[in-house]
Amino acid sequence: MQTREQDPEDIIPVEVAETLDGLFRERLRRSPQNIAYRDYDRSSGKWRDLTWSQMDERIAHWQAAFSRENLSPGDRVAVMLRNCPEWVIFEQAAMRLGLVVVPLYTADRPENAAYILRHANAKVLLLEELAQWQAFSDVREQMSDLVRVITIQREPDKTDDGVVRALYDWLPERGAEQPPGETGAVPHVNRDPHQLATIIYTSGTSGRPKGVMLSHYNILTNARSSLEVVQIRPDDLLLSFLPLSHTFERTGGYYVPMMRGATVAYARSVHQLQEDLLTIRPTILVSVPRIYERIYGGIRAKLVEGPALSRKLFHMAVEIGYSRFEHQQGRGPRRASHLLWPLLETLVAKKVMSKLGGRLRGAMSGGAALSSGVSRIFIGLGLPILQGYGMTESSPVVCSNTFDDNVPSSVGRPIPGVEVKLGENDALLIRGPNVMLGYWKDTEATQAVITPDGWLNSGDIARIDETGRITITGRLKEIIVMSTGEKVPPADMEAAILHDALFDQVMLIGDGRSYLSALVVLNSRNWQNIAVQYDLDPDWRQLLRDHKFEEILLERIAHQIREFPGYAKIYRVALAHEPWTIDNHMLTPTLKLRRTRVLDHYKAEVERLYDGH
């Protein structure tokens with residue numbers, strides 16, 4: 001393997017990079033032969049390394065291909081691809097020509113993806129395979145702006161619409177040429193850091209996703225400030241598995257490592273994450289809470305199956321390890337029990353950490369609140385998890401804990417350059433160079449969240465102590481934040497479900513959970529008519545644990561929410577025993593749902609929806 005630079009000052013300044021493709025150009029100039037990316041080559045069945053120089057050669061080819069599509073600076077191009085070097089190559093080639101990149105989730109519903117492509121007026125779309133394009137068959141008329149669809153995997157069957165081309169056929173034999181007298185990478189077209197770089201669509205209260213407009217400067221300054229808080233080293237190896245369409249991964253797992261010169265390895269899939277951790281042996285993880293929850297779930301399952309002594313040693317290691325952590329942070333005394341740590345580290349902690357590759361020195365968690373219990377487990381076992389806070393509209397990082405100052409119950413202090421304060425109803429307000437340009441084609445929505453003097457209303461309720469440390473205590477907006485980091489506005493989906501006359505009332509559930517569920521009040525008369533069709537008991541109360549009954553309800557719900565994003569799928573449903581009214585305090589006098597009261601009243605039913613998860 002190539003030797004890596006160890007210069008501690010090798011962080012690319014924002015003013016040197018200027019733009020995101022300028023960031024790549026400067027990284028190429030500084031360390032052309034260092035390993036930039038590692039990914040699994042499915043054709044050979046082996047992992048491969050790509051240097052910055054090799055990446056640049058590929059980018060030049062893609063840039064030349066883009067140049068033949070009659071595109072103009074500012075045109076939008078979309079990518080719907082798993083994490084891989086081609087994702088980076090596509091974006092870097094596009095940005096060299098001043099194009100604006102629109103990322104899409106690979107698991108998104110065709111209807112939602114088509115809406116985004118139409119709303120952004122995207123002209124080029126990159127896909128993994130032809131099957132993805134075929135999934136758009138019912139909504140293709142909505143994507144009339146597309147002039148080119150590229151599939152990475154070469155398909156034997158040719159399409160007859162003239163729009164789709166396999167990557168192999170789309171790329172020219174030669175890459176983009178350098179102008180006379182130039183050296184290094186092909187110069188980028190745009191040198192204005194305040195130009196629009198990307199439009200990232202995120203769920204909003206209107207029922208349709210909103211396009212967050214981020215400039216090169218928004219993202220570059222956020223990456224640079226993040227590096228001041230969480231020190232990434234040139235010899236670090238990050239394992240990337242959150243979708244690059246997620247702004248947390250894109251900034252933290254793509255631009256930050258590039259700015260520092262670290263290597264990024266792309267996991268094959270979340271399902272193969274355990275095996276990839278052992279193979280890649282990363283030093284840094286960037287993730288949403290759900291991944292840490294899954295890892296802990298696997299640990300817990302093995303403990304349950306194992307001997308009682310193993311469970312006792314595990315819990316002892318966590319308690320003593322966490323006590324040591326509190327002492328090291330200056331918040332707790334030195335205890336005699338800490339003398340047992342070397343033994344417990346050998347018997348327990350190192351064995352657990354070996355399952356994660358054995359080299360992790362730190363982990364970051366964002367996108368949703370991390371359970372204090374899960375955080376305590378990993379920190380107790382010697383893996384410092386840093387919880388932070390951000391949102392797509394802030395590029396995304398607003399604040400974060402640090403290795404030297406880590407209070408897991410908080411989201412830390414603002415990163416350099418970012419200001420925060422409390423507004424009306426203790427809403428967290430954010431101002432800084434990372435705040436978005438606005439929402440694409442939606443001036444009204446932009447003005448609703450950004451004040452004339454630049455303060456962004458996060459919609460989250462917070463507490464800021466005398467040291468500037470921030471704790472998120474609730475949400476003004478009724479947005480469900482899942483443990484995967486996805487945000488879902490419940491009112492829009494609930495309204496859609498109520499289009500089915502079978503449902504009189506509905507409440508979405510899933511805050512901090514890995515999937516969505518629904519609590520519903522049925523219209524008994526309409527159920528009786530439907531029950532006849534399925535030969536089921538007309539009294540739904542007799543069917544509460546009937547699997548077929550739940551499947552029928554889920555199928556009807558799915559039909560009503562089919563136009564929502566792919567991650568907004570409802571997997572379980574429970575029934576309320578009585579309608580929600582003002583008299584039973586489930587509704588306010590203005591007929592608004594008292595969500596907290598409903599959740600408390602139906603706590604047992606809700607817990608059953610998530611048994612084992």
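The values are calculated or read from the model by the stated rules, or taken from the named source; none is laboratory data. Model, not experiment: these values are computed from the prediction. Glycine also receives a Cβ, built like all others from the backbone with ideal geometry; neighbour counts cover every protein chain displayed.
Looking for something loosely packed, with under 13 Cβ neighbours inside 10 Å and either part of a loop (DSSP other than H, G, I, E, B) or not small (G, A, S) (or both) - is there at least one such residue anywhere in the stretch 315-330? Yes, the stretch 315-330 contains a residue that is loosely packed, with under 13 Cβ neighbours inside 10 Å and either part of a loop (DSSP other than H, G, I, E, B) or not small (G, A, S) (or both). In the stretch 154-168, is there at least one residue being assigned to a helix (DSSP H, G or I) and modelled with pLDDT of 90 or more? Checked the stretch 154-168: at least one residue is assigned to a helix (DSSP H, G or I) and modelled with pLDDT of 90 or more.
D404 fulfils the conditions (1) of a type in the set (D, E, K, R); (2) more than 22 Å from I480 (Cα to Cα); (3) in contact with a helix residue (DSSP H, G or I) (Cβ under 8 Å, 6 or more places away or on another chain) except for a single criterion, (3). All conditions in (1) out of contact with any Phe, Trp or Tyr (no Cβ under 6 Å at 6 or more places or on another chain); (2) free of Cβ contacts under 8 Å to residues at least 40 places away in the same chain; (3) under 24 Å from T467 (Cα atoms) hold for L429, with the sole exception of (1).
I'd like to know if the stretch 332-342 contains one or more residues that are of a type in the set (A, V, I, L, M), out of contact with any helix residue (DSSP H, G or I) (no Cβ under 7 Å at 6 or more places or on another chain) and either within 17 Å of S354 (Cα to Cα) or assigned to a loop (DSSP other than H, G, I, E, B) (or both).
Checked the stretch 332-342: no residue is of a type in the set (A, V, I, L, M), out of contact with any helix residue (DSSP H, G or I) (no Cβ under 7 Å at 6 or more places or on another chain) and either within 17 Å of S354 (Cα to Cα) or assigned to a loop (DSSP other than H, G, I, E, B) (or both).
Scanning the stretch 522-535 for residues that are assigned to a helix (DSSP H, G or I) and more than 20 Å from W580 (Cβ to Cβ) yields a count of 7. Condition check for G459 on (1) assigned by TED's automatic domain parsing to the domain that holds R572; (2) without any contact (Cβ under 8 Å) to a residue 40 or more places away in the chain; (3) not charged (D, E, K, R): one failure, at (1). Cβ-Cβ distance below 7 Å, separation of 6 or more or different chains: which pairs start in the stretch 112-126 with a residue that is farther than 20 Å from Q63 by Cα and end on one that is surrounded by 24 or more Cβ atoms within 10 Å (Cβ to Cβ) and among the hydroxyl-bearing types (S, T, Y)? Every condition considered, the pairs that remain are I116/Y201. For the stretch 346-399, the tally of residues that are among the small types (G, A, S), in a loop (DSSP other than H, G, I, E, B) and within 17 Å of R281 (Cα to Cα) stands at 3.
Within the stretch 573-597, residues that are farther than 12 Å from Q505 by Cα sit with their Cβ atoms under 9 Å from residues that are modelled with pLDDT under 80 and hydroxyl-bearing (S, T, Y), at 6+ positions apart or across chains, in these pairs: I582/T588; R594/T588.
Every residue in the stretch 543-560 that is surrounded by fewer than 12 Cβ atoms within 10 Å (Cβ to Cβ) and assigned to a loop (DSSP other than H, G, I, E, B), please. Passing the criteria: only R545. Candidates V286, V304: the one that is among the β-branched types (V, I, T) and surrounded by fewer than 22 Cβ atoms within 10 Å (Cβ to Cβ) is V304. In this structure, T151 qualifies as surrounded by 12 or more Cβ atoms within 10 Å (Cβ to Cβ), at pLDDT 95 or above, out of contact with any Ser or Thr (no Cβ under 7 Å at 6 or more places or on another chain) and farther than 18 Å from E26 by Cβ. Candidates P538, P565, P579: the one that is part of a loop (DSSP other than H, G, I, E, B) and in contact with a Pro (Cβ under 8 Å, 6 or more places away or on another chain) is P565.
Could you grab me the full set of residues in the stretch 447-462 that are acidic (D, E) and either at pLDDT below 95 or surrounded by 18 or more Cβ atoms within 10 Å (Cβ to Cβ) (or both)? Working first, answer last.
Within the stretch 447-462, the subset acidic (D, E) is 453, 460.
Matches in the stretch 447-462: D460 only.
Within the stretch 413-427, being surrounded by fewer than 24 Cβ atoms within 10 Å (Cβ to Cβ) and not in a strand (DSSP E or B) holds for P416, G417, V418, G423, E424, N425, D426. For the residues S375, S394, S400, the requirement of being crowded, with 21+ Cβ neighbours inside 10 Å, in contact with a Pro (Cβ under 7 Å, 6 or more places away or on another chain) and not aliphatic (A, V, I, L, M) singles out S375.
Can you say whether V149 is in the same structural domain as A60 (by TED's automatic domain parsing), more than 30 Å from E18 (Cβ to Cβ), assigned to a strand (DSSP E or B) and not acidic (D, E), as far as the supplied structure shows?
So V149 passes the test.
Evaluated against (1) over 15 Å from L313 (Cβ atoms); (2) among the β-branched types (V, I, T); (3) at pLDDT 95 or above, V374 falls short on exactly one condition, (3). Of the helices (runs of 4 or more DSSP H) lying entirely inside the stretch 227-308, the ones with 1 or more residues being over 22 Å from P103 (Cβ atoms), without any contact (Cβ under 8 Å) to a residue 24 or more places away in the chain and of a type outside the set (G, A, S) are found at 273-280, 289-305.
Is it the case, given these coordinates, that F66 is within 28 Å of L273 (Cα to Cα) and either at pLDDT 95 or above or in contact with a Cys (Cβ under 9 Å, 6 or more places away or on another chain) (or both)?
No, not satisfied.
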